[in-house]
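See below for the structure under consideration.
Nothing in this text is a laboratory measurement; each read-out follows from the coordinates by a stated rule. These figures come from a predicted structure and were not determined experimentally. Note that each Cβ is placed from the backbone with ideal geometry, even for glycine, and that neighbours are counted across all protein chains shown.
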């Protein structure tokens with residue numbers, strides 16, 4: 001995609017730094033990271049445990065604010081959003097997938113998906129129809145009335161993806177989505193996320209330590225100790241000025 | 001969210017049972033207090049409400065018969081009877097007296113009346129008839145039941161052997177019960193044959209009661225006169241002033257306990273399920289949806305507790321009335337609905353108290 005035709009980025013981090021102060025010495029989880037995520041793009045944050053991937057994702061999702069630097073969501077600075085606007089943003093435009101799925105155990109599979117449609121104010125009939133389609137699309141339609149503790153890991157993650165895309169997310173954020181899965185299940189999930197970017201035009205941010213995922217990423221940021229040490233595109237070429 | 005609430009509650013069955021039990025007992029307490037209040041309220045003033053008198057005449061400054069003393073001379077009755085527009089004047093003498101049956105002694109609120117005048121006697125008879133002679137007595141139904149007295153049985157009143165000839169209803173004032181004898185016998189008990197508590201007046205058709213009241217006040221400066229509605233209101237007010245503070249205090253304790261139990265359960269459930277709330281917050285749940293989850297739990301608890309309380313209350317009432325017949329409890333659908341609505345409101349208040357905890361659940365709790 002040429003620069004002139006490129007749409008506005010959904011997420012833009014500009015020298016974002018996040019420092020945690022929890023009584024002991026301050027910990028810099030993210031250190032001056034900048035990147036943009038565009039519609040239809042799969043952006044992979046690759047790095048070992050503790051490299052700041054999850055913190056970056058929480059910044060990109062508007063779940064936390066940078067200590068310094070800026071985060072822009074849909075062109076608006078994060079600190080310009082009210083808490084209610086951020087809540088609505090997450091309900092209507094952001095989908096989240098976690099390594100440990102974070103399904104609500106007291107809700108059935110169907111209800112876990114339906115609930116995010118309620119956040120958007122969808123009517124009951126629409127919720128039911130859309131949930132059925134999503135679950136069937138993720139090949140877990142037959143599990144709709146089961147509770148999460150009775151699902152396999154792979155099934156749980158499929159339900160989590162269905163939930164994440166239920167609101168038609170323009171920004172899909174996945175934190176170690178394959179971390180708890182067997183290889184084949186993990187690849188299934190990453191293909192689903194990839195399809196979401198390519199077919200629906202969502203921007204997909206994936207944090208992982210799994211090198212195999214680079215195959216599905218349009219751009220990969222290699223993180224070490226909260227800093228980007230390498231920024232490469234799909235072809236493996238380093239982007240100008242990206243090597244720290 | 002209704003289903004979520006139910007599942008969360010069912011997830012801890014013992015806690016659910018204990019909470020429903022505790023709240024139910026509070027609800028039963030409220031049902032019971034209101035029923036006792038209504039029974040006592042009716043029993044206290046039914047005598048006046050059912051009385052056909054147009055005017056009540058008492059000693060100056062006496063406004064009621066429940067907690068006031070009035071002593072007037074029977075000679076004033078003669079004066080009243082001569083006033084134009086007055087058809088009947090009946091004297092009634094109220095006394096606190098002890099009746100005995102064997103070794104057992106009980107206090108009654110004795111009303112001495114003139115049976116031939118048709119005023120001042122028992123408001124309703126459950127069995128038997130009015131007194132006709134000085135050796136007869138009509139007892140309140142619960143009092144008779146407590147003492148095991150039926151029609152034809154005898155009891156002792158200051159050495160007088162009296163036969164029970166009637167059983168009255170609407171004469172149980174909770175702390176004391178009415179009994180009815182002739183005016184002559186009542187006067188003989190105090191030894192002052194010329195004394196009476198009040199006069200009950202029936203007026204001629206077309207007589208102006210307001211004008212007659214003014215006339216009585218003018219001509220009999222030592223007397224006070226009330227129309228039926230005012231006198232009933234005076235007695236109701238008096239009864240309430242003695243009873244309602246106690247009722248309100250105990251009911252308030254019940255409400256506080258109920259609210260505390262519910263708040264505690266809801267808070268524990270929120271803390272146990274804080275992961276669920278954190279996930280939902282992270283996913284963008286509006287606050288009202290999370291509050292709704294708590295409110296649904298509260299309303300389920302209130303509904304279940306109210307049902308259990310209804311199941312307990314009516315059988316319990318029968319047991320209490322059997323053990324202690326003077327406890328005259330009367331429940332009405334309005335009371336039941338009112339209490340259930342109040343419980344619903346208390347449950348909403350509990351939910352409101354508990355949902356404050358939701359503010360201290362943060363979305364990053366769901367993050368790795």
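Summary of values
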| item | result |
| --- | --- |
| For the range A:1-106: rounded, prolate or oblate by the Cα gyration tensor [a/c cutoff 1.5] | rounded |
| FRET efficiency for residue B:332 and residue B:268, using Cβ-Cβ distance with R0 set to 41 Å, rounded to 0.05 | 0.70 |
| Anisotropy class of the range A:119-215 from Cα gyration tensor, a/c 1.5 cut | oblate |
| Descending principal axes extents, the range B:286-368, alpha-carbon based, whole Å | 65, 24, 15 |
| Diffusion constant of the range B:263-313 at 10 °C, which comes from Stokes-Einstein with the Kirkwood Cα-pair radius and 1.306 mPa s, µm²/s | 130 |
| Calculated SAXS-style log₁₀ I(q)/I(0) at q = 0.10, 0.14 Å⁻¹ - chain A, Debye, Cα scatterers | -0.46, -0.91 |
| Alpha-carbon centroids, the range B:316-356 and the range B:140-216: separation in whole Å | 35 |
| Most mobile of B:233, B:68, B:170 in a GNM of chain B (Cα contacts under 10 Å) | B:68 |
| Mean ellipticity per residue at 222 nm, deg cm²/dmol - from DSSP H runs of n ≥ 4 across the protein assembly as shown, formula -39500 (n - 2.57) | -15000 deg cm²/dmol |
| Spin-label model distance (nm) - residue A:191 vs residue A:68, 7 Å beyond Cα toward Cβ | 4.6 |
| All-pairs Cα distance distribution in the range B:88-169, expressed in whole percent, bin size 10 Å | 18, 57, 23, 2, 0 |
| Segment residue A:129-residue A:184, length gained on full extension (0.36 nm per residue, minus Cα span) | 16.9 nm |
| Packing-based exposure ordering (other Cβ within 10 Å, fewest first) of A:20, B:199 | A:20, B:199 |
| Residues B:197, A:183, sorted so that the one with the fewest Cβ neighbours within 10 Å comes first | A:183, B:197 |
| Cα-projected label distance for residue A:230 with residue B:324, points at 7 Å along beta-carbon direction, nm | 8.6 |
| Förster-model FRET efficiency, 22 Å R0, residue B:60 and residue B:214, C-beta, rounded to 0.05 | 0.90 |
| Residues in the range B:11-29 reached by a label modelled at residue B:256 [backbone nitrogen below 19 Å; 7 Å Cα→Cβ] | B:22-29 |
| Gyration tensor over alpha-carbon atoms, the range B:190-278, equivalent ellipsoid semi-axes in Å | 59, 17, 9 |
| Förster radius 60 Å - calculated FRET efficiency between residue B:244 and residue B:116, Cβ distance, rounded to 0.05 | 0.95 |
| Cut-off 12 Å (backbone N to label point 7 Å along Cα→Cβ of residue A:139), residues of the range A:148-163 | A:154-155, A:158 |
| Rounded to whole Å, sorted largest first: equivalent-ellipsoid semi-axes of chain B, Cα gyration tensor | 58, 24, 14 |
| Percent of beta bridges antiparallel (DSSP, the protein assembly as shown, rounded to nearest 5) | 70 |
| Average projection area in nm² (convex hull over Cα atoms of the protein assembly as shown, one quarter of hull surface) | 41.5 |
| Relative contact order (%) - criterion: Cα under 8 Å, at least six apart; region: chain B | 28 |
| Top of B:198, B:26, B:334 by mean-square fluctuation, Gaussian network on chain B, Cα under 10 Å | B:334 |
| The range B:220-368: C-alpha gyration tensor shape, a/c 1.5 cut-off, then a/b vs b/c | prolate |
